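Enquirer: Okay, here's the structure, questions in a sec.
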Amino acid sequence: MMTNDVSGSSAAAYSEQWDSIIGPQKGKFSLNLKEVWRYKDLLMLFVKKDIITVYKQTVLGPIWFLLQPIMTTVIFTFIFGGVAKIQTDDIPKGIFYMGSLTMWNYFADTLNVTSKTFSDNASVFGKVYFPRIILPISKVLSGFVKLCIQFSIFMVMWVYYTFVTHQIHPNMTLLLFPVLLLTLSLLSLGFGIIVTSLTTKYRDLAFLIGFGVQLWQYATPIIYPLSGQSPRTQFWLLLNPLTSIIEAFKYGFLGKGVFSPGWLCYSIVFTLVTLLSGIFVFNRVEKKFIDTV
């Protein structure tokens, strides 16, 4: 009996020497940011990998980050501005499309890659522990780096049309840009982790998300101005949380657009609800997804 007591005491003492204990997430709506901060080096490693490996074996390399929005803007200007004759609120078509596409591409690309977090990294999750939410967050951050590169092109055009040709007239609303960008980031993260959580059980979503994002683009005033739509159509388009974000961006930087503080608040609230819902679903699925993915 004494031997058993000693063994039990030793085991108890030994168990108290652990630096950390890995267990299931307790908070249903918690991102566990404290633990994410402890793994910040791993987070930065994932961000660096996402940026470098995309064009690592290409001839032009990172130049594709610049060419992609430029080529898309040229195509949109020719097809929608030249052939389809879609008006752009008397704003030069090049900068109208460049601005809209810069914001949209960040959201769409981040949503697409974030929605594949579980399925694309199942083998890694099964071998080593780290906070799973790090991967979706790394996609948002790496997308932000790409956005900064592409936004620099837009700013060159913006300076030209603002101070040289005086064809656009920005206003103080552009100071809301950090708020718009943060809202866009959190919205893509929220939708992304919802989709990636559901695809562990419903694989069909992985095939539908790309098609759905393409349709979503046409429900957002990217290739057309919201001001050119009827009041009824404007209402339905503004129910899309991206609409007020894109319009606030265009109104601030280009001086034209339908800017409504009320609808922007709607988008922010919608984003917070989506993010909390995504965190809730993610935390539930995280505990057992490795058995189903």
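The values are calculated or read from the model by the stated rules, or taken from the named source; none is laboratory data. The model shown is predicted, which means the values in this text are computed figures rather than measured ones. Here the Cβ is made from the backbone with ideal geometry for all residues, glycine too, and neighbour counts use every protein chain on show.
Enquirer: Among all residue pairs at least 6 apart or on different chains, which show Cβ distances below 9 Å where the first residue, located in the range 266-282, is closer than 17 Å to residue 237 by Cα and the second is not in a helix (DSSP H, G or I)?
Expert: Matching pairs, first to second residue: 266/239; 266/260; 267/240.
Enquirer: Hey, among the residues in the range 199-238 that are at pLDDT 90 or above and aromatic (Phe, Trp, Tyr), which one's nearest to residue 110 (Cα to Cα)?
Expert: Taking the candidates together, the pick is 216.
Enquirer: On to the next question. Within the range 138-185, which residues are among the small types (Gly, Ala, Ser) and under 25 Å from residue 42 (Cβ atoms)?
Expert: Answer for the range 138-185, where residues must be among the small types (Gly, Ala, Ser) and under 25 Å from residue 42 (Cβ atoms): 138, 142, 143, 185.
Enquirer: For the range 179-201, what are the residues that are surrounded by fewer than 19 Cβ atoms within 10 Å (Cβ to Cβ) and of a type outside the set (A, V, I, L, M)?
Expert: 201, the sole residue that qualifies.
Enquirer: Could you tell me whether any residue of the range 272-293 is of a type in the set (Ser, Thr, Tyr) and touching a Lys or Arg at 6+ places or on another chain (Cβ under 7 Å)?
Expert: The answer is yes, given that some residue of the range 272-293 is of a type in the set (Ser, Thr, Tyr) and touching a Lys or Arg at 6+ places or on another chain (Cβ under 7 Å).
Enquirer: Taking the residues in the range 72-92 that are without any contact (Cβ under 8 Å) to a residue 12 or more places away in the chain and in a loop (DSSP other than H, G, I, E, B) as candidates, determine which candidate is farthest from residue 165 (Cα to Cα).
Expert: Among those residues, the one meeting the criterion is 84.
Enquirer: Which residue is modelled with the lowest pLDDT, if the candidates are limited to the range 76-94 and must be farther than 17 Å from residue 221 by Cα and surrounded by fewer than 12 Cβ atoms within 10 Å (Cβ to Cβ)?
Expert: 82
Enquirer: State all residues of the range 114-131 that are surrounded by fewer than 21 Cβ atoms within 10 Å (Cβ to Cβ) and touching a residue at least 60 places away in the same chain (Cβ under 8 Å); if no residue qualifies, say none.
Expert: Within the range 114-131, 116, 119, 122, 125, 126, 129, 130, 131 qualify.
Enquirer: Out of the residues in the range 239-255 meeting the condition of being assigned to a loop (DSSP other than H, G, I, E, B) and either more than 14 Å from residue 88 (Cα to Cα) or modelled with pLDDT under 90 (or both), tell me which one is nearest to the chain's Cα centre (by Cα).
Expert: Filtering first and then ranking leaves 240.
Enquirer: Would you be able to say whether some residue in the range 126-135 is part of a helix (DSSP H, G or I) and under 18 Å from residue 46 (Cα atoms)?
Expert: Yes, that holds for at least one residue.
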